[in-house]
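Please read the structure below before turning to the comments.
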């Protein structure tokens, strides 16, 4: 992924709509791949992606200069998968199974994906994120909210379990996993539509809130001005003059 410039991040933190769209446009494909691969369910994946970006809009002004958007989204999206995902998807509808070309949708591939889904949750996460998303140990730890050592231990255990399951097919099927995860990414048009819609809705709400505040302040100031102009009548009315 192309690195997001510090100037763009600074403008995004300050609420610049175009800068926010630029940041979101960069990270959206990776977030979609991560979430779809982890949960395997299209409807829940869309929901989780939406939750992640909506939350980002609320906390983005509090990001400091050390926040890496890719790392933040990977961590938040994975934590949301853990909280929201319904669990193991049905094999026939699993996005990972269906993501590869028809000639690769073999019984061995379907069994490999079932094996991944049956791993303990953190082992499955480490396996998919490392082999599918090419995350290194450090980013695995950030995304999984654990130490680098713990992430490496989860990955090692997952590798051992999947090697025992797949035998000599482990390496070829792991390459298919990478192909499948890449295929789960959205098209540029889908990313553009998503980013424009989410940021646009956020900008509209922010404008509405600002207008409501301005109207409220205008009304308050007008009432105070009227009270000052007619203060003598008001005081007389309440019996103080």
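Descriptive notes on the structure:
- Separation between Cα centres of region 80-120 and region 1-51, rounded to whole Å: 24
- Dividing the summed -39500 (n - 2.57) terms of all DSSP H runs of n ≥ 4 by the residue count of the chain sets its mean residue ellipticity at 222 nm at -25000 deg cm²/dmol.
- Neighbour-count order for 50, 159, 94, fewest beta carbons within 10 angstrom listed first: 50, 159, 94
- Neighbour counts of C-beta atoms inside 10 Å place 170, 216, 73, 127 in the sequence 216, 170, 127, 73, starting with the fewest.
- Förster radius 51 Å - calculated FRET efficiency between residue 17 and residue 110 (Cβ-Cβ, nearest 0.05): 0.70
- Between 0 and 90°, nearest 10: helix 42-59 axis offset from the chain longest Cα axis: 40
- Between helix 148-166 and the chain there is an angle of about 40 degrees, using the helix long axis and the longest principal axis of the Cα atoms.
- Largest first and in whole Å, the equivalent-ellipsoid semi-axes of region 27-86 read 21, 11, 9, each the square root of five times a Cα gyration tensor eigenvalue.
- Convex hull volume per residue for the chain, taking Cα atoms only, in Å³: 174
- When the Gaussian network model of the chain links Cα atoms closer than 10 Å, the mean-square fluctuations of 76, 55, 28 top out at 55.
- Helix 170-183 and the long axis of the chain differ in direction by around 30°, with both axes built from C-alpha atoms.
- Rough spin-label spacing in nm, given labels placed 7 Å along Cα→Cβ, for residue 225 and residue 46: 5.0
- Taking 0.36 nm per residue of separation and subtracting the current Cα-Cα distance, fully stretching the chain between residue 118 and residue 7 would add 35.6 nm.
- By the count of other C-beta atoms within 10 Å, a proxy for reagent exposure, 4, 116 are ordered fewest to most as 4, 116.
- For region 89-184, average projected area of the Cα convex hull in nm²: 5.6
- Chain lengthening between residue 93 and residue 192 when straightened (0.36 nm per residue, less Cα-Cα): 33.0 nm
Read the figures in this text as sums done on the coordinates, not as results from a lab. None of these values were measured; they are calculated from a predicted model. Cβ coordinates were reconstructed from backbone atoms using ideal geometry, including for glycine residues, and neighbour counts include every protein chain displayed.
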